[in-house]
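Here the structure comes first, spelled out in structure tokens, and everything after it is commentary.
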Amino acid sequence: MDVAPFGRGPAGPAAGRVFHRLRLRAQEETTAQVAGCYPFVAERGFHADGAYIGRDRYTRGAFRYDPFALYRAGELPNPNVGIFGTIGSGKSSLIKTMAIRLLAFGVRFVVPADTKGEMVPMARAVGATVVSLGPGMGTALNPLWAPPKPDRMPDRTYIELVEQQRLLLLTALGATASGRALTAREETGIELALAQLTRGADRIGPARMRQPTLAEFADLLLNPTPAMAAAVPIPLPVLAGDCLDLGLRFRAMIKGSLKGVFDGDTVNVDWTRPGVVIDISRIRASDAGVALTMTCGQALVDQILTFTDHQWLRILDECWRQIRYPHIVRRISEGQKLARGDDVTTGSATIISLHRISDLAGADPDVRDLALGLLADCSTRILYNQADDQIPTTRTALHLTDMEADLLPKLPQATALWKIGQRSFLVDHTVLKDGHEWHLIQTDSRMGTTPTHGQPDKPGDLGADATPADSGEGVA
Ligand SMILES: Nc1ncnc2c1ncn2[C@@H]1O[C@H](COP(=O)(O)OP(=O)(O)OP(=O)(O)O)[C@@H](O)[C@H]1O
Ligand SMILES: [Mg+2]
């Protein structure tokens, strides 16, 4: 390159063009000032493989996401996702479209407790299994249901796994129904009744274990047999006394306000389909009733992860309801930690969605630390609009920059700040207006209004030209 004063420039059409060396005085600033002096630092954009989510506001490029692909590529320490945003900000819409779009990548979804029933249309649209529970629905989620034995699994392993899961579930149900941890005597009672119901050699089919009803189980707790007492051994009247309270609790689950939910026409959950949704929107019995049903839903997820080889999104929308129950928080946390799968379970990504981060602190005091830890185990955090009073907490919990914290209260509906590992992106979630996903995300219809929540005063407030809810842009 010719540089003045000696150069004469290149030959040819550009002849005579001479470059001058740029001479600037060195500028010294503190790091805080430099951010203002040199504002042209921008993310290079996110170029991972995955399902199309929408548009990156700053690069204007397509934003794609697949937690499993990112995990495999070593970009994320875990595939779990946390979504936070005010009412109507677009959390459920994102979850639904993510579940649908990731199906093309071989990722299936399971919703263990759909408290609003809003995942049902989405599930039906893609041919997923829907189990609707509630009084008069005619379907029961039997806690003693056993899935068919997978071909690859040895008989002994299958039996042990089913027995272990039943024991865990019945203990969790007993504890939830009693509102306290079970005593050793009660736990023994459960174990004995279960053994009595299932262990006889003639009772185990070659491809599937026998599936007793919850009524049979409750009956055995209320009337233990001499064989059960001899197995410990303890006198029969002592065993009967120990199990009485628990037996009555299980009986209440069958005869009380949850009649038909756990005992009745047992539904055969078909998890060979693209997804499974347990709709509990009709269960309004009581907090305990909801907790019991959620516990069964969680156990079903464990079975799915144990007996299939697919990758699953475990969707916990409206998670604030679930974190009120200590043992459910424990299960969610365990699920997050087992995301990579182990020698028994397959891989899963847990998606939790809450209105605000401070909801996690609203968990039962026994498990508050565990609930707050749910955030630490999500390496993707998606932040929709947040109220002003939530900004300090959110900022501290997620180590947001000033710019990011200022942005949150201004975010319009369907636009979110994605924190993926250490990187940040401002993303408009795109859903094709009147396309096949459009009617599945509409949750404002019951309010009889057009969504206007959180729109910035004028387009461009966030540095882009249109809000996605206005634009209804195309989707891949
Ligand atoms: N990407 C989008 N494009 C267009 N409209 C959207 C988009 N996302 C959400 N909406 C609109 O916003 C409304 C509310 O969205 P959504 O139900 O997902 O909110 P939410 O955050 O789950 O609210 P809640 O906390 O009450 O569950 C939807 O009815 C839909 O009309
Ligand atoms: Mg929602």
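Here are the numbers:
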{"read-out": "Region 18-59, subset touching a residue at least 24 places away in the same chain (Cβ under 8 Å) and of a type in the set (Lys, Arg), residue surrounded by the fewest Cβ atoms within 10 Å (Cβ to Cβ)", "value": "Arg57"}
{"read-out": "Among residues of region 86-104, those that are more than 16 Å from ligand 2 (Cβ to nearest atom) and of a type outside the set (A, V, I, L, M), counted", "value": "1"}
{"read-out": "Conditions (1) surrounded by fewer than 22 Cβ atoms within 10 Å (Cβ to Cβ); (2) within 16 Å of ligand 2 (Cβ to nearest atom); number of the one not met by Ile83", "value": "(1)"}
{"read-out": "Filter pass, Arg152 being more than 16 Å from ligand 1 (Cβ to nearest atom), without any contact (Cβ under 8 Å) to a residue 40 or more places away in the chain and assigned to a loop (DSSP other than H, G, I, E, B)", "value": "yes"}
{"read-out": "Residue in region 272-279 that is surrounded by 23 or more Cβ atoms within 10 Å (Cβ to Cβ) and more than 26 Å from the chain's Cα centre (by Cα) present", "value": "no"}
{"read-out": "Residue that is nearest to ligand 2 (Cβ to nearest atom) [pool: residues in region 312-335 that are over 19 Å from Lys116 (Cα atoms) and in contact with a Ser or Thr (Cβ under 7 Å, 6 or more places away or on another chain)]", "value": "Ile332"}
{"read-out": "Any hit, region 110-118, residues being within 16 Å of ligand 2 (Cβ to nearest atom) and small (Gly, Ala, Ser)", "value": "yes"}
{"read-out": "Members of region 314-323 found to be crowded, with 24+ Cβ neighbours inside 10 Å and hydrophobic (A, V, I, L, M, F, W, C), listed by number", "value": "Ile315, Leu316, Cys319, Ile323"}
{"read-out": "So Val107, is it within 16 Å of ligand 2 (Cβ to nearest atom), of a type in the set (A, V, I, L, M, F, W, C), crowded, with 24+ Cβ neighbours inside 10 Å and closer than 26 Å to Cys296 by Cα", "value": "no"}
{"read-out": "Filter pass, Arg101 being within 17 Å of the chain's Cα centre (by Cα) and either within 16 Å of ligand 1 (Cβ to nearest atom) or over 30 Å from Ser257 (Cα atoms) (or both)", "value": "yes"}
{"read-out": "Val290 closer than 23 Å to Lys116 by Cα and under 21 Å from the mean Cα position of the chain (by Cα)", "value": "yes"}
{"read-out": "Pairs with Cβ under 8 Å, 6+ apart, first in region 397-409 and touching a residue at least 24 places away in the same chain (Cβ under 8 Å), second loosely packed, with under 11 Cβ neighbours inside 10 Å", "value": "Pro409/Asp388"}
{"read-out": "Options Thr306, Thr293; residue that is away from ligand 1 (no atom under 16 Å from the Cβ), polar (S, T, N, Q) and in contact with a helix residue (DSSP H, G or I) (Cβ under 9 Å, 6 or more places away or on another chain)", "value": "Thr306"}
{"read-out": "Unmet criterion (only one of (1) free of Cβ contacts under 8 Å to residues at least 40 places away in the same chain; (2) more than 26 Å from Glu118 (Cβ to Cβ)) for Arg340", "value": "(1)"}
{"read-out": "Residues of region 249-261 classified as surrounded by 15 or more Cβ atoms within 10 Å (Cβ to Cβ) and part of a helix (DSSP H, G or I), total", "value": "6"}
{"read-out": "Residue list for region 363-372, filter: touching a residue at least 24 places away in the same chain (Cβ under 8 Å) and surrounded by fewer than 17 Cβ atoms within 10 Å (Cβ to Cβ)", "value": "Asp364, Asp366"}
{"read-out": "Residues located in region 219-234, provided they are among the small types (Gly, Ala, Ser) and loosely packed, with under 14 Cβ neighbours inside 10 Å", "value": "Ala227, Ala230"}
{"read-out": "Gly74 being away from ligand 2 (no atom under 16 Å from the Cβ), modelled with pLDDT under 95 and not hydrophobic (A, V, I, L, M, F, W, C)", "value": "yes"}
{"read-out": "Residue that is surrounded by the most Cβ atoms within 10 Å (Cβ to Cβ), among those in region 155-182 that are without any contact (Cβ under 8 Å) to a residue 12 or more places away in the chain and under 16 Å from Tyr325 (Cα atoms)", "value": "Ala181"}
{"read-out": "Residue within region 313-325 that is away from ligand 1 (no atom under 16 Å from the Cβ), without any contact (Cβ under 8 Å) to a residue 60 or more places away in the chain, assigned to a helix (DSSP H, G or I) and not acidic (Asp, Glu) present", "value": "no"}
{"read-out": "The one condition in (1) of a type outside the set (Lys, Arg); (2) more than 16 Å from ligand 1 (Cβ to nearest atom); (3) under 20 Å from Ala113 (Cα atoms) that Gly373 fails to fulfil", "value": "(3)"}
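The rows are residues; the columns are (1) within 14 Å of the chain's Cα centre (by Cα); (2) in contact (Cβ under 8 Å) with a residue 24 or more places away in the chain; (3) within 12 Å of ligand 1 (Cβ to nearest atom); (4) outside the structural domain of Leu426 (by TED's automatic domain parsing).
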| position | (1), (2), (3), (4) |
| --- | --- |
| Ser89 | no, yes, yes, no |
| Lys116 | no, yes, yes, no |
| Met119 | yes, yes, yes, no |
| Gly134 | no, yes, no, yes |
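The values are calculated or read from the model by the stated rules, or taken from the named source; none is laboratory data. Predicted model, so just to flag it, every value in this text is computed and none were measured. Please note: Cβ atoms are built from the backbone with ideal geometry, for glycine as well, and neighbour counts cover all protein chains shown.
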